[in-house]
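The values are calculated or read from the model by the stated rules, or taken from the named source; none is laboratory data. Quick caveat, the model's predicted, so the values are computed rather than measured. Here the Cβ is made from the backbone with ideal geometry for all residues, glycine too, and neighbour counts use every protein chain on show. These accessible areas exclude ligands, DNA and RNA; they are computed on the full protein's heavy atoms, side chains included. Shrake-Rupley method; radii C 1.70, N 1.55, O 1.52, S 1.80 Å.
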Amino acid sequence: MKAMILPVTENGLVRVGNGGSAGRVRHMLMLQTRRFGLMMHVDARLTLWAALTLMSSLLMPAEAISADDEVMFEKEIRPLFVQTCFKCHGGDSTSAGLRIDSLAALLAGGDSGPAIIPGDSAGSLLIQAVRRHEDVSAMPPDRPLPASQIEHLARWVDEGALWPRAPVDEPFSHQRHWAFQPLTLPALPTVQTADENRVDSFLRPAMAKLSLTPSIRADRRQRIRRAYYDLTGLPPSFEEVVSFAEDARPDAWPRCIDSLLASPAYGERWGRHWLDLARYADTAGENTDRPLPQAWKYRNWVIRAFNEDMPYSRFVQDQIAGDIIARNDPDENYANHVIATGYLAIARRFDHDIEKHMHLTFEDVLDTTGKSIMGLTIGCARCHSHKYDPISTSDYYALYGILASTRFPFSGCEPKPRPRDLVVLIPPNQIDTVLKPYRNRLANLDSRIQELQRFESEAIARLSEKIASFSDATLVSGIAPDATVDRNHVERVSCESLHVSVGDLILLSVGPRENHGADSTAVEFTIKAIGEEKKWNLSGDVVNHFSDSNPTRDESNRPIWCYLDERQGWKLLADHMDGLDGHKGLSVWKSGELPSVFVNATDQPIKAWTELSPRKLFVHPAPDGPATIAWCSPIEGNVKITGSIRDAHPGGDGVDWSMRHVAGDLTADLITMSDSRQSLTDLRQQRDQCERESPENDVAFAVAESTPVDAPIQERGDPEKPGAPVPRRWLEMFGGGKVSAEGSGRLELAKWLTDEANPLTYRVIVNRIWLQHFGAGLVATPNDFGTRGAAPTHPEMLDWLAREFITHEGSIKQMHRLLMESSAYQRSSLVEGDSAERGASVDPRATTYWRFHRRRLSAEEIRDSMLLAAGELDRAMGGAHPFPSPETWSYTQHSPFAADYEHRLRTVYLMVKRNQRDRFLALFDGADPNASTPVRSNTTVPTQSLYFMNDEHLHHAATELARRTERIIDSERTAEMFRIAIQRQPEPTEIQLLDLFQLAVVRETSIEEGWVAVARLLLTTNEFLYVD
Amino acid sequence: MKNYCDCTRRQFARSAVMGSALWSGLIQQILADNTRDPLAAHASHFPPRAKSVIFLFMSGGVSHVDSFDPKPKLFSDHGKEVKLDHPEARDRAGYERLFLKRSDWQEKPHGENGTLITNMFPSIAGIVDDLALIRSMHTDHSNHYNATLGMHTGSFAFTRPSIGSWVSYGLGTENNNLPSFVVLAPSMPYAGTQVWGSDFLPAEHQGTRVVPGAEPIPNLMPRIASRDRQSRELKVLGALNQQHRSRRADDPQLSARIRAFETAFGMQMAMPEVLEVDRESDHTLKLYGLDRGQRDGFGWQCLVARRLVERGVRFVELIHTGSSNNWDSHGDMADHGRLARQVDQPIAGLIVDLKQRGMLDDVLVVWTSEFGRTPFNNKPDNKGREHHNWAFSSFLAGAGVKRGVVHGETDDHGIQVAKDPVHVNDFHATILHLLGLDHTRLTYRHAGRDYRLTDVAGHVVTNILS
């Protein structure tokens, strides 16, 4: 064997070739060592030092295993050994002398020699055994491993058979991490000047260290614009700017802050910050992205909580355990407490059948709760004890048990379409009294409905019996091929002449073929009285005299067209519904789900599961029987019948169809049936109405208590591999307090989270408030205060702010006052004045806060400001979204929920989808509705410019802005638009430029277009989009 | 890559504003500004083989045993019951009794190595010597939504950046008038916009969707009819913004936004020019099976893809077709015939065209679906096939890829991978490798940890590298 040249890498390990990992080489050497002795293969160029390093690395084979290799081993190899081999080759079982529970054991091997040769899968007995080579015993003996597992195993051996050391329960060194320590009691630096406050005194030292002096105070317009946008997300009016500028009172600034904090717009801005953290959305995010029609109640609760300045601990507690807290609070607060738990309930749902993936939803809850409330990443511990922070897998499943003991509302999903387990907003002790009258009414209606149903089934039996005695002749039949074979194929149905008597039926049935119950089929059916003018056309009659009755009636109230289910006796397709899937003018009659008959009564094609042509009627057979359309003859005489059948949905194997003639008068029976049907429909409508009006309908997408249960650890995060249950408790690092036996433990969790001794919660929230005012957090990673997060730039101030916050009972408004009254908040963002030169060179990003930061408006602020400038912003509070009613939902992964609802309310009230992000919000860096967003990103891309150049909303806003000023004399109009859009008096040069521009546009277009162009320019400027 | 398009953004902007004396001073001010572009091209980890990617995604699940992995044994064993040895088959509803189903397509050896391919894709079969066929693909999920997400983001449940965004993030773009990542999709795919989303990567890396038809990109069509007028408006805007910036010169965002308007102005013209395929010769249109004047169909998507990479776009994805009316042939496999006819000629034409132009040395063409289809059914006479994630076929062609090779194999019935499995993560790792990107080093720090397209898995399929 040739000696290898082993270059030594920086960390002293050896590497071979280009791609070989250190571990792989180590094991190749180890192998050679066993066979030939080490030194003969070490090239002379290998220094003694390197050789020593090499030797020591050989003695500790698992020292340098990479994170990826470790995850690969834990994901693919260890589970395979444990599940497949350990029974015979693990622990005390040593079949054939072989154990497979450690690398040493594998290398030592069994009766046949070493089980593996690292780096050489082909030569390894273990691999030969699983590949079932002829000269070794095949393993596992009963059945071969799947190919992928064999491949993983072979790859693992080839790559050096790296075996990570078992995790050792070392005492956490993280315990010294700053954020896990109790709040310190910092010495208070003295406040130096009259216009500074305590915040400034904390900021001074860092600035002094760099010999920086603070920048000048921003002018009054800059300050009021800053305060307005920061607190309300909206600009001040020009008049408000002027009156603030002229307010000579010494407390003008605090007054301004107070008035903004009292505005309802405050909650709409600051509530949105919390909604970012709570990954708020109005859809569930599973494969069909179903609507959450009640999510808005939680959204509005958050907005109101900010407006009411709800103490922060209560704010958090309500979101975790509001339903439990409500038990000891007056009844009138019950609904609000329950709604607050929407924070947990709106967690994302996953996959096709969401109930099979609740472990992922729970991860989302734990991850979001950890990050948003404590700045702690807990999610990682689902699969492995956290590498960096002291959160173990058992911590994770201790909290998981709390969620497993909680009933989450069910959003619905493709296989289980309807929502359930929503929480009624009536206090439990009132439910009986409140609901009694309504329940009585319902019971009464139910008994009448049952009675009618009995009557109807008897009528069906009579009718079926009667029909059996009539002659039933097939006139013509055939097979209509699937549209994939020939998209334009139309089956023609015709009968030149047929004698009918009054009450005879002519039936057109469309049924499934061998596969999958066929598809939507367009049907035409026309009957003409020979020698007379009378003609009956199915789609014409149904579309023109649009009627939801089945059968349809003519002027003399005779039944004409009927839709039937012939599978078990004769039944009219009785369930009627308009607006299927939210499509206006799409009406369906059905029996259960299928068969069904539906009509597009509009003049436009409807894109539903397939494209449905306008003014057409369609049938959809059931898998086990046809959908039938019948014409009930009102005449005696000869008729000519024509019709057509066309597959309207490519895919499948076409349909069988037949046309029959049933002779015998069924008019009376059909009328009876249809009348009883009508009564039944009326009763059901009354019942629906009654249900809709019921206070029981006032529900929230919220959680409730369920049966308390401790959750087992899931090995490697796999719910199919439950380990030992972990008692529900708090994180070990904070004492691991136990929950009481009766409840889920959410109440305890809420209290632990908000405990004043919790070192994270209050630091995290004051950091977030700071971040929103000053553009960057004192801790730059607001969702990660763990050991991987950033250290605070001003630790003493952070702790002092947290203490102040606690002292003021968690008042966020008080914190705004404190921060905004500082000099730091009121500084200019411009690099101007005496201090600027040094500041710009020493601390250009102003991490010492020597000057203020400039920021771009958020997506919400852009839209709101545009609407405001256009005079169109509706300042009302938003409510529910106009989702289609859940009874009509038939969303699938093929055709998910994807509507948009426009309005002119504030942007916080726009409906937020998880899987199809709103185009505008996505373009301007809106929050991620799938994960807690601590800081909005801030991109500047050409597609945003295209929006400002060409979007209809921007152009519309400009038109409206120009229209608002049309009564103003021309010489003042530019200035007026400027004042509205940018809230300041324009400079004379600006007026000149804009007026010149306006004239140039007018020369080519019209006067009005000239003004619109000026308005457009103003809405597009950087000054409009940025806050100094 | 040689610059296939001779007009640069700057020249373009200049020409567009020339001749307007009134504002010419102002435009000089705008052009004087020179800020760094977040999408500027940057170096790969090691010398790349491919400079750009055309990713052809067949939505719904293409049957491998009816196309690129034909199984003569399915023919002889047609209708026989089969017992599966796979953990996912245990107690699986619908898998109680399963019967093998033969293909309705005929296989025949193609190319120098006599690779067996059916007549479902006759044109692609004709160029098999240009392809590296992978018959041992497998994926983690048998649901469209999750498998589609997996094929695009490497994650089967969570929202993560898509492969095109990762490539854009890794390499930037070579044409500032166009986005770096373009998706040509007539309708929405399974899992929606997540398929081309940038998630936590900076937003400029998200795919820009082009929809064949009147408004291929939102707001691309100038709303001001006269280009001169729009140009003048932007110049005045530039002047106002420069005035605003004069006291704020230190702020790179303000200048970046001034610059972004310039690029957007260019895009309004550059993008429609790319989409205007009528300038192509009859010969070229014929290669793609396109009629003159046609503005949709997969042939149009393929030809536009070539025009995009020609102009320096980094990653172009073509989706055929979307979340409905696609390859999901449960009812009858005959539907595959209709769909194959839509893509066969255009795909072969694309590869031939790239080759004729010498571009196949720089462009990587990828063809895949989210999974395959079952070689069996739970009734012996079912005409369709169901979702199958244990094995399917994909192919690569072009830059850095061996020509005319077959990698991996499935068992006799095409049910499981028998040799050299290639997981979606491996597939991604290989694509990144060809672009000069080490998938273990292409990371982004988010929420406290480094994320990768391949998460903690993925091995480059070295066998197919030339």
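Exceedance of the 22 Å cut-off in Cα-Cα distance is limited, within the set A:534/A:640; B:73/B:379; B:80/B:419, to B:80/B:419.
Placing dummy labels 7 Å off each Cα toward the beta-carbon, the span from residue B:456 to residue A:1004 is 6.1 nm. Working from Cα pairs under 8 Å separated by at least six residues, relative contact order for chain B is 30 percent. In this label model, residue A:451 and residue A:668 are separated by 2.4 nm, measuring between points 7 Å along each Cα→Cβ vector. Using only Cα atoms and rounding to the nearest 10 degrees, what angle (0 to 90) does helix B:298-310 make with the longest principal axis of chain B? Result, in degrees: 50.
For a straight C-alpha distance cut-off of 19 angstrom, the lysines reachable from residue A:721 (same-chain residues fewer than eight places away being disregarded) are A:75, A:87, A:356. Kindly express, to the nearest 10 degrees and within the range 0 to 90, the angle between helix B:334-356's C-alpha long axis and the longest C-alpha principal axis of chain B. Helix B:334-356 and the main axis of chain B meet at about 50 degrees.
Angle of helix B:227-245 to the longest C-alpha principal axis of chain B, folded into 0 to 90 degrees and rounded to 10: 70°. Judged by the gyration tensor of its Cα atoms, with axes a ≥ b ≥ c, segment B:38-185 is oblate; a/c meets the 1.5 cut and b/c is at least as large as a/b.
Across segment A:224-251, the residues whose backbone nitrogen lies under 13 Å from the label position 7 Å along the beta-carbon direction of residue A:194 are A:250-251.
The longest stretch of chain B left intact once loop-based GluC sites (Glu not before Pro) with at most 16 other Cβ atoms within 10 Å are removed from consideration, loops following DSSP, is B:277-466. Across chain A, the mean sequence separation of Cα contacts (distance under 8 Å, 6 or more residues apart), normalised by length, yields a relative contact order of 16 percent. Report, in whole Å, the centroid distance computed from the Cα atoms of segment A:914-974 and segment B:418-462. Between the Cα centre of segment A:914-974 and that of segment B:418-462, the gap is 37 Å.
When both segment A:816-842 and segment A:564-590 are represented by their alpha-carbon centers, they are found 69 Å apart.
Under a point spin-label approximation (7 Å from Cα along Cα-to-Cβ), what is the residue A:247-residue A:418 distance to one decimal in nm? The modelled label-to-label distance comes out at 5.6 nm.
Leaving ligands and nucleic acids aside, the A/B contact buries around 7200 square angstrom of accessible area in total at a 1.4 Å probe radius. The DSSP beta bridges internal to chain B are antiparallel in roughly 50% of cases. In the structure shown, the pairs A:528/A:590; A:297/A:738; B:51/B:108; A:590/B:383; A:607/A:913 are assessed against 25 Å; a Cα-Cα span above that value is assigned to A:528/A:590; A:297/A:738; B:51/B:108; A:590/B:383. Binning the C-alpha pair distances of chain A at 10 Å intervals from 0 yields a P(r) profile of 2, 9, 13, 15, 15, 16, 14, 10, 5, 2, 0, 0 %, listed from the shortest bin outward. Ranked by the mean number of other Cβ atoms within 10 Å of their residues, highest first, the peptides A:646-653, A:538-545 come out as A:646-653, A:538-545.
Shape of segment A:166-286 from the C-alpha gyration tensor: oblate (a/c of 1.5 or more and a/b not above b/c, with a ≥ b ≥ c the square roots of its eigenvalues).
Taking segment A:816-840 and a reference point 7 angstrom along Cα→Cβ of residue A:219, the backbone N atoms nearer than 18 Å belong to A:826-834. In this calculation the C-beta distance from residue B:88 to residue A:209 is compared with R0 = 51 Å, giving a FRET efficiency of 0.25. The alpha-carbon of residue B:83 sits under 14 angstrom from the alpha-carbons of these aspartates and glutamates, leaving out residues fewer than 8 places away in its chain: B:91, B:96, B:411, B:412. How many angstrom lie between the C-alpha centres of segment A:486-501 and segment B:259-295? Between the Cα centres of segment A:486-501 and segment B:259-295 lies a distance of 48 Å.
Computing FRET efficiency as 1/(1 + (r/R0)^6) for residue A:532 and residue A:603, where r is the C-beta to C-beta distance and R0 is 25 Å, gives about 0.25. This model, with +1 at the C-beta of Lys and Arg and -1 at the C-beta of Asp and Glu, gives the protein assembly as shown a dipole about its Cα centre of some 3140 debye. The alpha carbon gyration tensor of segment B:350-466 gives principal lengths a ≥ b ≥ c with a/c of 1.5 or higher and a/b no greater than b/c, which makes the shape oblate. Length gained on full extension, residue A:433 to residue A:475: 8.9 nm, using 0.36 nm per residue less the C-alpha separation.
Candidate cross-link partners of residue A:535 among the aspartates and glutamates, defined by an alpha-carbon separation under 13 Å and a same-chain spacing of 8 or more, comprise A:554. Legend: mean number of C-beta atoms from other chains within 10 angstrom of residue C-beta atoms, peptide B:260-272, equals 4. Note on residue A:178 and residue A:837: the extension gain reaches 233.7 nm, defined as 0.36 nm multiplied by sequence separation minus the Cα-Cα distance.
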